[in-house]
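A short write-up of the structure that comes next.
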Ligand code: F6R
């Protein structure tokens, strides 16, 4: 795992943008994308850049269950607002939160990822170490599945809703096994609320109690952190300082 320490979030976003640019310039066809606060600055840089995704495919990590794609809280809507409206892809895949048959939806989305192997997967990390919506205890070899969100995640995501009660209790997510199949993985984390999760992911034991620790098994992972998110790391865990 290559850990890059940026002096601040803006510098981290620039570094993440360079990773994306390089991968796209080298002919990547499929980008794996994430939602949440963390990638907002990166998406702004991508929107404002001359990069062209019109011949590429995007595959998102996850979507809430029971939410319409046009609902402003849906991950579909987030992606349109932050990237797709400005930079359309040839095709953008997300799980269908309104799928009538959840088992069929899980199978369909797993096949999407098999048919479109991800060249670069972007990840954020939850305070409890989740990646995608793989909460503590998720198996490292899991595929796409439907998941019940933990209290910690519901609480953290309540800021996007008018009240905690409105946060959906379930989501579809790519599994950790699916994520680990990506050719390259870029995980970004900013702020002191992520410091524990980053420490456990980078230095802690490989354990399903911390989903992100599975990334220790992959040799193609770049982590970009700001000083607050890196605060609990040993200096020797940092590979590069910007
Ligand atoms: C979002 C996702 C989540 C977030 C994580 C961090 O698609 O898969 O794992 O990356 O919850 O969220 P933020 O960036 O809002 O702190």
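Just so you know, all these numbers are worked out from the coordinates, no wet-lab data involved. Computed from a prediction, not measured in an experiment: that's the story for all the values here. Using ideal geometry, Cβ is built from the backbone for each residue, glycine included, and neighbour counts are taken over all protein chains shown.
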Exercise. Considering the chain as a Gaussian network with a 10 Å cut-off on Cα pairs, which listed residue, 30, 112, 65, attains the greatest mean-square fluctuation?
Worked result: 112
Problem set entry | Neighbour-count ranking [beta-carbon atoms within 10 angstrom, fewest first] of 48, 40, 184 | 48, 40, 184
Exercise. What order do you get for 153, 207, 236, 178 when you list them from fewest to most C-beta neighbours inside 10 Å?
Worked result: 236, 207, 153, 178
For this session: Sort the chain into rounded, prolate or oblate with this rule: let a ≥ b ≥ c be the square roots of the eigenvalues of the Cα gyration tensor; rounded if a/c is under 1.5, and if a/c is not under 1.5, prolate when a/b is larger than b/c, oblate otherwise.
Result: rounded
Problem set entry | By average C-beta atoms within 10 angstrom, highest first, the peptides 87-99, 214-226 | 214-226, 87-99
For this session: Going by C-beta contacts inside 10 Å, put 53, 161, 133 in order with the fewest on the left.
Result: 161, 53, 133
Exercise. Where the centroid of each part is defined by its Cα atoms, how far is the stretch 1-78 from the stretch 102-141 in Å?
Worked result: 15 Å
For this session: Taking only Cα atoms and a 10 Å spring cutoff, compute GNM fluctuations for the chain and point out the largest among 121, 14, 22.
Result: 22
Seminar exercise, completed: Taking a crude spin-label model, label points 7 Å out from Cα along the C-beta direction, the residue 151 to residue 104 distance in nm is 3.7 nm
